[in-house]
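K.L.:
Attaching a single structure in structure tokens format; questions to follow.
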Amino acid sequence: MSSTSGQPQFRYTQTPSKVLHLRNLPWECTEEELVELCNPFGKIVNTKCNVGANRNQAFVEFADLNQAISMVSYYASSSEPAQVRGKTVYIQYSNRQEITNNKSSGDVAGNVLLVTIEGVEAGDVSIDVIHLVFSAFGFVHKIATFEKAAGFQALIQYTDSETASNARNALDGRSIPRYLLPEHVTSCHLRISFSAHTDLNIKFQSHRSRDYTNPYLPVNPSAIEGTLQPALGPDGKKKEPESNVLLASIENMQYAVTVDVLHKVFSTFGTVQKIAIFEKNGGMQALIQYPDVTTAAVAKESLEGHCIYEGGYCKLHLSYSRHTDLNVKAHNDRSRDYTIPETGMLTMPQAPGLLTGAAGWQANHQAATMYAGNAVGAPAPGPNGQMPTWDPSVRGGAYVAAPSTYPGQTFAPPPVSHYPASAAISSAPAESLQASQPMPQYGLLPNARPPTTASAGQPLYYPS
DNA sequence: AGCACA
């Protein structure tokens, strides 16, 4: 910016653009004449003729900025001015970077509307509200919403362009009624144009897209639930229905896995009612039954892909079983029903290469107490809304003996993100989950009483 | 002869 000049400096201060502004053109100059003039300097991608009150101006857009610069430069230093039909044409850079012609899009009536909802975020206007508003003009076939730079937008598909036009004429520039919006939304104007689409491709019923012509379209669970499942495949991989019974496939079985081992691992998340182990396709599988779906879901999320033993041994893959109540008869190392009162119990198997985590248990103990009330899968509050009382010292006592096995060892999570496959159970992923549901100190308590009823995160139901 | 369209 020059401080010495008080003069307006039109052409010298103009920033180059691949769009050129041409004036003093002959009356009703045609596009062909513009092309003839400009073509020697580059590829013309768009034009706009007959601009201005006298219809003697035009815009020409080159494919490349350098082509526009070359044309301006050429005529700036040429002794022959640019001419059309013998008339001198004045050329300068346009103050816009591209030509926008209204004929290309937005005004061609189609059956699909592009609606920009101004002044709101995506969460403010539900797809049901959009459906309600736009259904006033006819049957809405499909809705797809998305967020772009322009803001929160929706594509709304009607049967025909007449219906779409009626909706557009009635609603463009109007606002969605206040009572349909959250209180904090102060303005919510609709900007409506026609989309070039004729048939939207809706893959899932979700909070961002609907197909009202196909009620059998699968529901995208992650989209319905919200944002809590980033682990779901980008292709919207179908999930089996949830169940209180988990099916565990155990990969790389280097060490024995008995019901006792599984019980210890899965009890971290809640009471395990029944376990059954069986062979399938040469691999080992197990069914683990919880009292409720929520507990099973937490266990599944937490344990999926993790290994019972360090070193990638006995890696767990979890899915929901179709069973809801296992028929476990035998009580042996392959199956057990923990809901049946029992007497003498098992000894812990010798587990090699065991993990750290005892210190983590202690460190997280307070957090476990604090978060128990609202953590997913935590024990349900009693009828008075209180958590069942339990004595932390009792449970702590059951586990505190453990660290003596590895004195001085501190809890140090391995870089899980780098080695997810070998990440062991006691270094489980989510920190919040770790806090509320500490991982089992498996194998660190050779003499500890097996927590058959007093599993981690659960109240003690009988005095020890 | 000096910048469209919404």
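K.L.:
Along the charge dipole of region A:37-104, Cβ charges K/R +1 and D/E -1, which of A:Cys49, A:Pro81, A:Asn95 sits furthest on the positive end?
P.N.:
Going by the charge dipole, the pick is A:Cys49.
K.L.:
Here is a further query. Take A:Glu80, A:Glu36 and order them by how many other Cβ atoms sit within 10 Å, fewest up front. Show your work: numbers first, answer last.
P.N.:
On the way: A:Glu80 8, A:Glu36 11.
In increasing order of surrounding Cβ atoms, one gets A:Glu80, A:Glu36.
K.L.:
In addition: What ranking do A:Thr116, A:Thr268, A:Thr145, A:Thr163 get, fewest neighbouring Cβ atoms within 10 angstrom at the top? Please report the intermediate quantities before stating the final value.
P.N.:
Details: A:Thr116 15, A:Thr268 26, A:Thr145 21, A:Thr163 18.
If I rank by nearby Cβ atoms, fewest first, I get A:Thr116, A:Thr163, A:Thr145, A:Thr268.
K.L.:
With a Förster radius of 41 Å, plug the Cβ-Cβ distance of A:Glu304 and A:Ala149 into 1/(1 + (r/R0)^6) and report the FRET value to the nearest 0.05.
P.N.:
Details: r = 37 Å, r/R0 = 0.89.
According to the calculation, E is roughly 0.65.
K.L.:
If amide hydrogens are placed 1.01 Å from N in the peptide plane, which non-local residues have theirs closer than 5 Å to the one on A:Lys142?
P.N.:
Correct list: A:Gln157, A:Tyr212.
K.L.:
Would you please calculate the Kirkwood hydrodynamic radius of region A:112-219 over all C-alpha pairs and express it in Å, rounded to one decimal?
P.N.:
13.8
K.L.:
Still on this structure, please answer the following. How much FRET efficiency would the formula 1/(1 + (r/R0)^6) give for A:Arg334 and A:Met253, where r is the Cβ-Cβ distance and R0 is 22 Å, rounded to 0.05? Write out the running numbers ahead of the final one.
P.N.:
Details: r = 14 Å, r/R0 = 0.62.
My answer for the efficiency is 0.95.
K.L.:
Work out the FRET efficiency for A:Tyr216 and A:Asn66 from their Cβ-Cβ distance, taking R0 = 45 Å, and round it to the nearest 0.05. All intermediate terms of the calculation are to be shown ahead of the outcome.
P.N.:
Values: r = 55 Å, r/R0 = 1.22.
Efficiency computed from Cβ-Cβ geometry: 0.25.
K.L.:
Give me the number: length gained by fully extending A:Asn39 to A:His131, i.e. 0.36 nm times residue separation minus the C-alpha to C-alpha distance, one decimal in nm. Could you put the intermediate results ahead of the total?
P.N.:
Working: separation 92, 0.36 × 92 = 33.12 nm, distance 4.91 nm.
Answer, rounded to one decimal: 28.2 nm.
K.L.:
Test of understanding: ordering A:Met284, A:Met71, A:Met253 by Cβ neighbours within 10 Å, fewest first, what list do you get?
P.N.:
Working: A:Met284 18, A:Met71 21, A:Met253 14.
Result, fewest neighbours first: A:Met253, A:Met284, A:Met71.
K.L.:
Please list 3J(HN,Hα) in residue order for region A:62-75, calculated via the Karplus relation 6.51 cos²θ - 1.76 cosθ + 1.60 where θ = phi - 60°; whole Hz, with x for glycine and proline.
P.N.:
Karplus-based 3J(HN,Hα) across region A:62-75 equals 8, 5, 10, 4, 4, 5, 5, 4, 5, 5, 4, 4, 4, 6 Hz.
K.L.:
Between their Cα atoms, which of A:Lys48/A:Lys148; A:Lys203/A:Lys300; A:Lys18/A:Lys148; A:Lys148/A:Lys203; A:Lys280/A:Lys300; A:Lys142/A:Lys300 are more than 24 Å away from each other? Intermediate values should be presented prior to the final figure.
P.N.:
On the way: A:Lys48/A:Lys148 28 Å; A:Lys203/A:Lys300 27 Å; A:Lys18/A:Lys148 26 Å; A:Lys148/A:Lys203 20 Å; A:Lys280/A:Lys300 20 Å; A:Lys142/A:Lys300 35 Å.
Too far apart for the 24 Å limit: A:Lys48/A:Lys148; A:Lys203/A:Lys300; A:Lys18/A:Lys148; A:Lys142/A:Lys300.
Coordinate-derived values only; no laboratory data. The structure displayed is predicted, hence computed values, not measured ones. Note: ideal-geometry Cβ built from the backbone for every residue, glycine included; neighbour counts use all protein chains shown.
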